[in-house]
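Before any comments, here is the structure.
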Amino acid sequence: MSRFVDRVTIHVAAGNGGHGCASVHREKFKPLGGPDGGNGGNGGSVRLVVDPQVHTLLDFHFRPHAKASNGKPGAGDNRDGANGEDLVLKVPDGTVVLDENGTILADLVGAGTTFEAAQGGRGGLGNASLASKARKAPGFALLGEDGQERSLVLELKSVADVGLVGFPSAGKSSLVSVLSAAKPKIADYPFTTLVPNLGVVQTAGEVFTIADVPGLIPGASTGRGLGLEFLRHLERCAVLAHVVDCATLEPGRDPVSDIDALEAELAAYRPALDADHGLGDLAERPRVVILNKIDVPDAAELADLVEPELAERGWPVFRISAVAHEGLRELTFALAKMVREYREAQPAKVPRRAIIRPKAVDDTGFTIIRDPEIEGGFIVRGSRPERWIAQTQFDNDEAVGYLADRLNRLGVEDELVKLGAEPGAPVTIGAVTFDWEPSTPMGDDVPVTGRGTDIRLDRNDRVGAAERKQARRLRRGLPVEDGEQDQS
């Protein structure tokens, strides 16, 4: 048995970028063939794409975790790693993407609309791409970046031109079944319809969609009954049709009071996408009143009494019988006309253009603040410094020296000096905290040493055995030996 799911939480993870390769070309009679390490491949991204053949979020209900493939690492002989394949997740038309805090990230309407749910990590550069005048044969490569991971909430809001609203057992499902080829469940008890049913109505030269929303009751806008679960499916409807049961035997109910009760619920419900779909509040949508079940004698008499009062509100009123197929032709043509007028009133869609936002001239690409947890410490924030930290092999001195050069060229050291940072001050970038050493020579000023080493980091602060022996003799008041005196 198929299930309708219109709200799910998914966990998406993009692929990690492949690591770059640190390799030196080796060939007979060519002992120093130069660096030939290839770049790592980019990780695959996770994308949501609208597919007209998908009508529910059921697949994500059973498989909420999705991960794209990783990029392959680079290899010697200038061989780049393969890129990871993007993972495409098909979603139904009308899917809204939200983050964990409820912020709307995308409103996916229209076949082929795409949203990048998680971006793949970039592959690291190999030592062949890092070679420069100062480092002709780098003994290191950059690491690949981790892919983006996050949790998203997907909500389905049906895309229909006409939405049928009414109390339970008002005949909404029966009306959909006779106006279209849809075959919803129909029974003589309340809340038979537990999921929205969509049907396509065809008339002379007009085609529009109609949605049967599960029955509403007073308090639906606050969560009573099935209200909040399915009121969202009315947000995109251009026309709302009140389906009224004129043959109800429940005490205290009549067509006018039923419509007033549902109008109060529609006015209380505030859709979250007013600015996105441009249809305004539900209370402002065009209305039509459908008096159903007039094949019953008492219902026909009641319809005669209430029709003038409803007509005074300026809403078109139609008397029909879904069972006897009475009044359906006039209703169909009227709905088609209202939908056509709505479509003509909408502004013409303008193709999206690429938006170029140039970088500000005073944008340094990073910010530095004082660390609130470490006295005398600083925190450097910015996409570029944090990315460089993630790409660095900290067990390779040459890679650390290259990182220092990049940060220095970016202006991090100058900014730390302006903020009054002292030598040895703890500086945090991303997940790494290190002691800052100012005035470190850069680039061409650094003497070339062995591969994987950096003379600026080759510092030995360890106290030698002779110095420890001399300090011990001084503490005891003994004379310092000649050899030790010379060393001091």
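Numbers for the structure displayed
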quantity	calculated
Filtered residue count, the range 416-429, keeping only those that are out of contact with any Phe, Trp or Tyr (no Cβ under 8 Å at 6 or more places or on another chain) and of a type outside the set (A, V, I, L, M, F, W, C)	3
Criterion violated by VAL159 - all others in (1) under 30 Å from LYS67 (Cβ atoms); (2) open to solvent by less than 10 Å² (accessible area, probe 1.4 Å); (3) at pLDDT below 80 satisfied	(2)
Residues satisfying the stated conditions in the range 59-91, i.e. of a type outside the set (Lys, Arg) and within 16 Å of the chain's Cα centre (by Cα)	PHE60, PRO64, HIS65, ALA66, ALA68, ASP86, LEU87, VAL88, LEU89, VAL91
In the range 412-432, the residues that are in contact (Cβ under 8 Å) with a residue 40 or more places away in the chain and surrounded by 14 or more Cβ atoms within 10 Å (Cβ to Cβ)	VAL412, GLU415, LEU416, ALA421, ALA425, PRO426, VAL427, THR428, ILE429, GLY430
ALA75 being of a type outside the set (Phe, Trp, Tyr), surrounded by 15 or more Cβ atoms within 10 Å (Cβ to Cβ) and in contact with a Cys (Cβ under 6 Å, 6 or more places away or on another chain)	yes
Yes/no for GLU330 being modelled with pLDDT of 85 or more and open to solvent by 100 Å² or more (accessible area, probe 1.4 Å)	yes
Checking THR56 against (1) closer than 30 Å to LYS157 by Cα; (2) in contact with a Pro (Cβ under 9 Å, 6 or more places away or on another chain); (3) at pLDDT 90 or above, the condition it does not meet	(3)
Single match in ALA128, ALA141 (criterion: more than 18 Å from the chain's Cα centre (by Cα), assigned to a loop (DSSP other than H, G, I, E, B) and in contact (Cβ under 8 Å) with a residue 24 or more places away in the chain)	ALA141
Any hit, the range 51-62, residues being surrounded by fewer than 16 Cβ atoms within 10 Å (Cβ to Cβ) and closer than 27 Å to GLN391 by Cβ	no
Criterion (surrounded by 14 or more Cβ atoms within 10 Å (Cβ to Cβ), aliphatic (A, V, I, L, M) and modelled with pLDDT of 65 or more) met by exactly one of LEU226, LEU249, LEU216, LEU262	LEU262
Pairs where the first residue, in the range 288-302, is in a helix (DSSP H, G or I) and the second is surrounded by fewer than 21 Cβ atoms within 10 Å (Cβ to Cβ) and among the hydroxyl-bearing types (Ser, Thr, Tyr), C-beta under 9 Å, 6+ apart	ALA299/THR248
Residue ID - surrounded by the most Cβ atoms within 10 Å (Cβ to Cβ), chosen from residues in the range 38-50 that are out of contact with any Asp or Glu (no Cβ under 7 Å at 6 or more places or on another chain) and farther than 22 Å from GLY123 by Cα	LEU48
Filtered residues of the range 386-411 (kept if open to solvent by 60 Å² or more (accessible area, probe 1.4 Å) and either assigned to a loop (DSSP other than H, G, I, E, B) or among the aromatic types (Phe, Trp, Tyr) (or both))	PHE394, ASP395
Selection count, the range 83-137, where residues are under 30 Å from HIS25 (Cα atoms), in contact with a Phe, Trp or Tyr (Cβ under 9 Å, 6 or more places away or on another chain) and at pLDDT 90 or above	2
Residues (closer than 30 Å to ALA22 by Cα and in a loop (DSSP other than H, G, I, E, B)) located in the range 85-124	GLU85, ASP86, GLN119, GLY120, GLY121, ARG122, GLY123, GLY124
Selection within the range 9-37 - open to solvent by 20 Å² or more (accessible area, probe 1.4 Å) and in contact with a Leu (Cβ under 6 Å, 6 or more places away or on another chain)	HIS19
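For (1) of a type outside the set (Lys, Arg); (2) at pLDDT 90 or above; (3) within 21 Å of GLY121 (Cα to Cα), each residue gets a yes or a no:
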position: ILE356; (1), (2), (3): yes, no, no
position: VAL361; (1), (2), (3): yes, no, no
position: PHE366; (1), (2), (3): yes, no, yes
position: ASP371; (1), (2), (3): yes, no, no
position: GLY376; (1), (2), (3): yes, no, no
position: VAL380; (1), (2), (3): yes, yes, no
position: PRO385; (1), (2), (3): yes, yes, yes
position: PHE394; (1), (2), (3): yes, no, yes
position: GLU398; (1), (2), (3): yes, no, no
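The values are calculated or read from the model by the stated rules, or taken from the named source; none is laboratory data. Model, not experiment: these values are computed from the prediction. Cβ coordinates were reconstructed from backbone atoms using ideal geometry, including for glycine residues, and neighbour counts include every protein chain displayed. For the accessible areas, the whole protein counts, side chains as well, though only heavy atoms, and no ligand, DNA or RNA atoms are used. Shrake-Rupley method; radii C 1.70, N 1.55, O 1.52, S 1.80 Å.
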